[in-house]
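Everything below concerns the one structure shown next.
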Amino acid sequence: MNMPKEHMIISLGGSLVAPAFAKATAGEPSEIDIGFIKLFKKSLTKHLNQKRFFIFVGGGKVCRNYQKALLEFGADNNERDLMGIDISRLNARVVKQAFGDIAFSKVITNPTKSISTRKDVVVAGGWKPGWSTDYCAVVLAKNMGIKTIINITNIDYVYDKDPGKFKNAKALSEVNWKDFRKIVGNKWAPGLSMPFDPRASKMAEILKIKVVMVNGKNLERLEGFLNGKPFIGTIIA
């Protein structure tokens, strides 16, 4: 008898898909990190006999650069957020294409709707202004009864304070939601760069969802978590 597959949500940082200005010294625009996407696909496909993955793809640094430009020309938060949604969906289309026939044929853009598919990989992008991809991931988790979100980012750990400003910042392998929310605060705005969206954090705490922070530049850490082994990263619960 086949055991039911475990469902997991992944919030994938857009800066891992499209690093901003990778060749800035040559005056060239940013490129899609094809190598990372191939390794990411390889990491997940190893586990498809036991797990299904719902992947929300963010906008990342490229998105924030566009939003900064919009702000210079007087754009409000709504316009800046719409830009973020557009870029998130572009990134998501690339990730979906990489998984080929393994993935559901459409990029999901509304996490409140039920998803009817037997595919083991479903890729999603931004939905509407005011909703980060982290927040969308938590909403989908609520609607589907999923209790684990893996946040694949570009940092090794959550720190008790900004390590860029404080040399004595402490890396946290585990932290509860109450303490984590003290670190990230309560306010969210388009382009905010935080380990996990403050509004999404509030909802995740209420729903008792576990969020696992893993550095996507070292995907063996993701595989370590998926295999139930010790890994470098932070668990928020």
Specify the residue with the greatest mean-square fluctuation among GLY145, GLY60, GLY216, computed from a Gaussian network of the chain linking alpha-carbon atoms under 10 Å apart. GLY145
Going by average Cβ density within 10 Å per residue, which order do the peptides 71-78, 169-176, 52-59 take, highest to lowest? 52-59, 169-176, 71-78
For the chain, which whole percent of the accessible surface, found with a 1.4 angstrom probe, sits on carbon and sulfur atoms? 52 percent
Over the chain, what lengths in whole Å, largest first, do the semi-axes of the equivalent ellipsoid take, defined as the square roots of 5 times the eigenvalues of the alpha-carbon gyration tensor? 25, 22, 19
Residue by residue through segment 123-133, what is 3J(HN,Hα) from phi via Karplus (6.51 cos²θ - 1.76 cosθ + 1.60, θ = phi - 60°)? Round to whole Hz and write x for glycine and proline. 10, 10, x, x, 10, 8, x, x, 10, 6, 5
Structure-based [θ]222 nm, the chain - -39500 (n - 2.57) summed over DSSP H runs of at least 4, per residue, nearest 500: -11500 deg cm²/dmol
The farthest towards the positive end of the charge dipole of the chain, of the residues GLY224, ALA75, SER15, given +1 on Cβ of Lys and Arg and -1 on Cβ of Asp and Glu, is GLY224
For the chain, calculate the relative contact order in percent as a whole number, restricting contacts to Cα pairs under 8 Å that are 6 or more residues apart. 21 percent
Rolling a 1.4 Å sphere over the protein heavy atoms, what is the accessible area per residue of segment 1-159, to the nearest Å²? 51 Å²
Going by average Cβ density within 10 Å per residue, which order do the peptides 104-111, 159-166 take, highest to lowest? 104-111, 159-166
Bridge type composition, the chain - antiparallel percent by DSSP, nearest 5: 15 percent
Interchain or sequence-distant (5+) residues whose placed amide H lies within less than 5 Å of the amide H of ASN151 are SER11, VAL212, MET213, VAL214
Under the Karplus relation 6.51 cos²θ - 1.76 cosθ + 1.60, θ = phi - 60°, what is the ordered set of whole-Hz ³J(HN,Hα) values for segment 79-85, x standing for Gly and Pro? 5, 5, 5, 4, 4, x, 5
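The values are calculated or read from the model by the stated rules, or taken from the named source; none is laboratory data. This one's a predicted model, so the numbers in the text were calculated from it and none came from an experiment. Glycine also receives a Cβ, built like all others from the backbone with ideal geometry; neighbour counts cover every protein chain displayed. Side chains are part of the model used for accessible areas, which takes the heavy atoms of the whole protein and leaves out ligands, DNA and RNA. Shrake-Rupley method; radii C 1.70, N 1.55, O 1.52, S 1.80 Å.
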